[in-house]
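Presented below is the structure to which this report refers.
The values are calculated or read from the model by the stated rules, or taken from the named source; none is laboratory data. In this text, all values refer to a predicted model and were calculated from it rather than measured experimentally. Glycine also receives a Cβ, built like all others from the backbone with ideal geometry; neighbour counts cover every protein chain displayed.
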Amino acid sequence: MHREHAHRLLREMLRIRRFEEKAAELYTLGKIRGFLHLYIGEEAVAVGAMQALEPEDAVVATYREHGHALARGIPAGALMAELFGKASGCSRGHGGSMHFFDTSRRFYGGYAIVAGGLPIATGLALAETMQGRRGVVACFFGDGAVDEGEFAESLNLAALWRLPVVFVCENNLYAMGTALARHQAQTDIRLKAEAFGMPADAVDGMDVLAVEAAMRRAVEAVRRDGGPRFLEARTYRFRAHSMADPELYRTKAEVEEWKRRDPVAAFTARLRAAALLADAELAALTAAVEADLEAAVAFAEAAPWEPVEDVAKDVYTA
Amino acid sequence: MGAGRGRGEGRVHGVTRVTYREAIRGALRDALRSDQRVFLMGEDVGRYGGAFAVSRGLLEEFGPERVRDTPLSESAFVGAGIGAALGGMRPIVEVMTVNFSLLALDQIVNHAAALRYMSGGQLSVPLVVRMATGAGRQLAAQHSHSLENWYAHIPGIKVLAPATVTDGRAMLLAALRDPDPVFLFEHATLYPLEGDLDEAAPLDLRRAAVRREGRDVSLVTYGGSLPKALAAAEQLTAHGIAAEVVDLRVLRPLDMASVLASVAKTHRVIVIDEAWRTGSLAAEVSAQIMEGAFYELDRPVARVCSAEVPMPYARHLEEAVLPQVDTIVATARALVGGHG
């Protein structure tokens, strides 16, 4: 493991962790409204997976996409401003928490209809193929999406037409408040992809290195052989589904058990045990993350509001 | 005979005699020839030649990459059209009928229509979706409805109802030039009808069209009801009534200026719409006439719509449910004659 790369992974996960904690704090202060779905606990998935992607690749994510957007390189200020509903937000305040977009980084949303992004990811991959480009589309979704018809339809279409998509299922064991075994007759999600003839892998989603390695294998296989791959990342959401969720469906003991596998703490401990992270390095890294976060909040606070007169702009292009 | 051979025969001053099906096929062929980004996908558009034979011959000419048979997965292939459009292509998606399009409503309403706005203007979705709509062929309650009004309700998409062979071609080509999602509703009874194709017609997606001039009553309609309205107008001459026929053409955004101009001329209006009356496009047009031309009206706006039942199979029942020429004529006579 290269020291610099290890630090990069840790910094990226910390950036997400602290961004989400700050967003929760700002929510309680009323700076952020609407739905807010936090990614805390799942950071290793987005950070690990994003390492395997190039700028020419495309990303499609869900309504719990702050981590993916940060890991893809969208400036935290543009994301925080979007949460504030400001005109400087990455979607000009039209999208909010659930609808981050940045075409300059080929970040295509931000979808709050569960499984709604899968057909679009499939079509983006079709465009890559038809135009002779080599981009791969990384499509993130949760275990709840597996229930939807669009999941089956999209996997079948991508496999049938051998399209360059990596379908990344972030299995956090709950579709909102419904446990996997209570919404799926077959809880081994990989088998569903294999049923469409799609090579599928599963990985410990709490281990950023394991996720990175699995995603690299998948992306390289897509570039080499064509055709889609499926990756199930087994992870856990530490926070409530959204800010409005009293968490009646799971026990505190279960949450505490998973927190012992906290991806940020576990990776930090691992680096220290391997003598790859000195105290001073950790302090510097943490300080840089804090400074970045404070700058993002300040940017969002100072950002202008979209004028109400412009509310009907951009319904149509022309 | 394919449209390619058909066109050119009997050509007089750039106008040829073709069917509505051939006109659309010719537009598809020209679009596929002229722009490598254009491709057609949908159920049975390739080997089968299209459920309504619109795309027959195109697979042979353009190959399976650009004329793509899809699985029976409306949501996935409409959504894939959105994604392909975002990725730089110009997809034409054929959905077999409007009833089947309900399986893709999530992609259409939640995604295609919202993406530009939701992304703060970053994305455009240059997607064209064609589908057959309407009744008249005894296909009962899951193949026959006219639901284009539901689509016309949605900001972010454009909704077209080409009713003539020229519009069958020109509106498809105009849709392909448009940077936003455009939905074309092709009434299934129009496909075999012949008409004059004007290949030089402007590619206009804004204006309604006056198909027949008249001074006594305006028949406002679109799509498969246009031939009925024109037939009714012809019959009305025998009763001394000169009906004006306005073809809406574009159902979203509506060109109400053209409708209101006709109302100002005739002062009486019948809106003919094959959809169910309740919550219909006829209701919207009627409301906008009330808002925009209330004092021009000599009589209340009348509507001729379908009976509010799922479409029955038996021919006599289906005919009883649908707007018919006789009904339009009778409504017009009552409206004009009843005016003291």
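Worth a mention:
- Scope the stretch A:101-153; condition closer than 20 Å to A:Leu191 by Cα, among the charged types (D, E, K, R) and more than 7 Å from chain B (Cβ to nearest Cβ); matching residues: A:Asp143, A:Asp147, A:Glu148
Yes/no per residue for (1) under 30 Å from A:Gly96 (Cβ atoms); (2) touching a residue at least 40 places away in the same chain (Cβ under 8 Å):
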site: B:Ala80; (1), (2): yes, no
site: B:Gly87; (1), (2): yes, no
site: B:Ile92; (1), (2): no, yes
site: B:Val95; (1), (2): no, yes
site: B:Asp106; (1), (2): yes, no
site: B:Val125; (1), (2): yes, yes
site: B:Gln138; (1), (2): no, yes
site: B:His143; (1), (2): no, yes
site: B:Ser146; (1), (2): no, yes
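- Scanning the stretch B:206-224 for residues that are part of a loop (DSSP other than H, G, I, E, B) and of a type in the set (D, E, K, R) yields B:Arg206, B:Arg207, B:Glu213, B:Arg215, B:Asp216.
- Pairs linking a residue in the stretch B:153-171 that is not assigned by TED's automatic domain parsing to the domain that holds B:Ala112 to a residue that is part of a helix (DSSP H, G or I), with Cβ atoms under 8 Å and 6 or more positions apart or on different chains, do not occur.
- Residue within the stretch B:54-62 that is out of contact with any strand residue (DSSP E or B) (no Cβ under 6 Å at 6 or more places or on another chain), at pLDDT 95 or above and within 13 Å of chain A (Cβ to nearest Cβ) present: yes
- Which listed residue is surrounded by 18 or more Cβ atoms within 10 Å (Cβ to Cβ) and out of contact with any Lys or Arg (no Cβ under 6 Å at 6 or more places or on another chain), from A:Val311, A:Val297: A:Val297
- Residue in the stretch A:164-173 that is closer than 17 Å to A:Gly227 by Cα and at the interface with chain B (Cβ under 9 Å from one of its Cβ atoms) present: no
- Residues within the stretch B:8-53 that are buried (at least 18 other Cβ atoms within 10 Å of the Cβ) and modelled with pLDDT under 95, tallied: 1
- Selection status of A:Leu277, assigned to a loop (DSSP other than H, G, I, E, B) and either surrounded by 18 or more Cβ atoms within 10 Å (Cβ to Cβ) or of a type in the set (Lys, Arg) (or both): yes
- When the residues of the stretch B:136-150 are filtered to those that are surrounded by 24 or more Cβ atoms within 10 Å (Cβ to Cβ) and at pLDDT 95 or above, the one that is farthest from the other protein chains (Cβ to nearest Cβ) is B:Ser146.
- Test set (1) away from chain B (no Cβ under 13 Å); (2) charged (D, E, K, R); (3) under 23 Å from A:Ala288 (Cα atoms) - A:Arg64 fails condition number: (3)
- Here the helices (runs of 4 or more DSSP H) wholly within the stretch A:57-137 that include at least 2 residues being among the hydroxyl-bearing types (Ser, Thr, Tyr) are A:117-130.
- Screening the stretch B:229-335 for strands (runs of 3 or more DSSP E) wholly inside it with 1 or more residues that are closer than 11 Å to B:Val217 by Cβ, out of contact with any Pro (no Cβ under 8 Å at 6 or more places or on another chain) and in contact (Cβ under 8 Å) with a residue 24 or more places away in the chain returns the ranges B:243-247, B:269-276, B:302-306.
- Here the stretch B:89-116 is the region considered, the condition is being in contact with a Ser or Thr (Cβ under 8 Å, 6 or more places away or on another chain) and at the interface with another protein chain (Cβ under 10 Å from one of its Cβ atoms), and the residue that is farthest from A:Val114 (Cα to Cα) is B:Arg116.
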